[in-house]
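Chemist: If you scroll down you'll find the structure; I have some questions about it.
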Amino acid sequence: WSSTIGYMVWLYLKREDPVVKMSQPESLFLLCVGAIISTSAIIPLTLAEAAPGESTRGASAACRSIPFLYSLGWVLMYTSLTAKSWRLFKVARNAELVRRVRVSVRQIYVMVAVVLLVDLAVLIAWVVVAPLQYIRTNVSTTLNEASGVM
């Protein structure tokens, strides 16, 4: 996260630089936010554990949050890249036709928001129909004296 946050700070500080402006800082910022969200899926992954006899409610909630974090972050990253590519394609295509075109940041945000909403709808449907649940299964309870493995 530190490098991503550092990059976001750098992006904010250099937002008026011509090279950064041409790089579409809005899309780069969305890419960074998506990376932070996606990689934060590791946190509930480490918390998805319950001791034998302990309630699995918290572990199940952690299990259910992992697909949300990873998927929404991934979709945010790759949709912003796709929108950025679409924007470049549209500008290049109209340059060939000697027409001036303007693709607003709002159009990029709408494209990203639509795909995020579709992804969120699929994730919510998954949780409603077949939610992930933490289940602990004891494979073996006897200790092998020779190897020290249960």
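The values are calculated or read from the model by the stated rules, or taken from the named source; none is laboratory data. Predicted model only: the values in this text are computed from it and were never measured. Because the Cβ atoms are built from the backbone with ideal geometry, glycine has one as well, and the counts that use them run over all protein chains shown. These area figures cover heavy atoms from the full protein model, side chains too; ligands, DNA and RNA do not enter into them. Shrake-Rupley method; radii C 1.70, N 1.55, O 1.52, S 1.80 Å.
Chemist: Would you mind telling me which numbered condition in (1) among the aromatic types (Phe, Trp, Tyr); (2) surrounded by fewer than 12 Cβ atoms within 10 Å (Cβ to Cβ); (3) at pLDDT 85 or above PHE89 fails?
Modeler: For PHE89, the exception is condition (3).
Chemist: A further question on this structure: Based on what the data block shows, is ALA83 under 18 Å from MET111 (Cβ atoms), within 22 Å of the chain's Cα centre (by Cα) and crowded, with 16+ Cβ neighbours inside 10 Å?
Modeler: Values: under 18 Å from MET111 (Cβ atoms): yes; within 22 Å of the chain's Cα centre (by Cα): yes; crowded, with 16+ Cβ neighbours inside 10 Å: yes.
It is true that ALA83 is under 18 Å from MET111 (Cβ atoms), within 22 Å of the chain's Cα centre (by Cα) and crowded, with 16+ Cβ neighbours inside 10 Å.
A quick yes/no check of all residues on (1) in contact with a strand residue (DSSP E or B) (Cβ under 8 Å, 6 or more places away or on another chain); (2) within 24 Å of ILE124 (Cα to Cα); (3) touching a residue at least 40 places away in the same chain (Cβ under 8 Å); (4) open to solvent by less than 50 Å² (accessible area, probe 1.4 Å):
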position	(1), (2), (3), (4)
TRP1	no, no, no, no
LEU13	no, no, no, no
PRO18	no, no, no, no
ALA35	no, yes, yes, yes
ALA41	no, yes, no, yes
THR46	no, yes, no, no
GLU54	no, no, no, no
ALA59	no, yes, yes, yes
VAL75	no, yes, yes, yes
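Chemist: Considering only residues of the stretch 121-140 that are in a helix (DSSP H, G or I) and open to solvent by 100 Å² or more (accessible area, probe 1.4 Å), which is farthest from GLY34 (Cα to Cα)? Full working, then the answer.
Modeler: Initial filter on the stretch 121-140 (in a helix (DSSP H, G or I)): 121-129.
Narrowing further to those that are open to solvent by 100 Å² or more (accessible area, probe 1.4 Å): 126, 128-129.
Numbers: TRP126: 21, VAL128: 24, VAL129: 26 Å.
Selected residue: VAL129.
Chemist: Are any of the residues in the stretch 28-40 more than 23 Å from TYR12 (Cα to Cα) and assigned to a helix (DSSP H, G or I)? Please lay out each step first, then the result.
Modeler: So the first thing to find is which residues in the stretch 28-40 are more than 23 Å from TYR12 (Cα to Cα), and the list is none.
Taking every residue of the stretch 28-40 in turn, none turns out to be more than 23 Å from TYR12 (Cα to Cα) and assigned to a helix (DSSP H, G or I).
Chemist: Right, here's the next one. For the stretch 95-120, enumerate the residues that are under 15 Å from the mean Cα position of the chain (by Cα), open to solvent by less than 60 Å² (accessible area, probe 1.4 Å) and free of Cβ contacts under 8 Å to residues at least 12 places away in the same chain.
Modeler: ALA113
Chemist: Exactly one of (1) in contact with a Gly (Cβ under 6 Å, 6 or more places away or on another chain); (2) over 18 Å from PRO25 (Cβ atoms) is unmet by LEU76. Its number?
Modeler: That leaves (2) as the condition not met.
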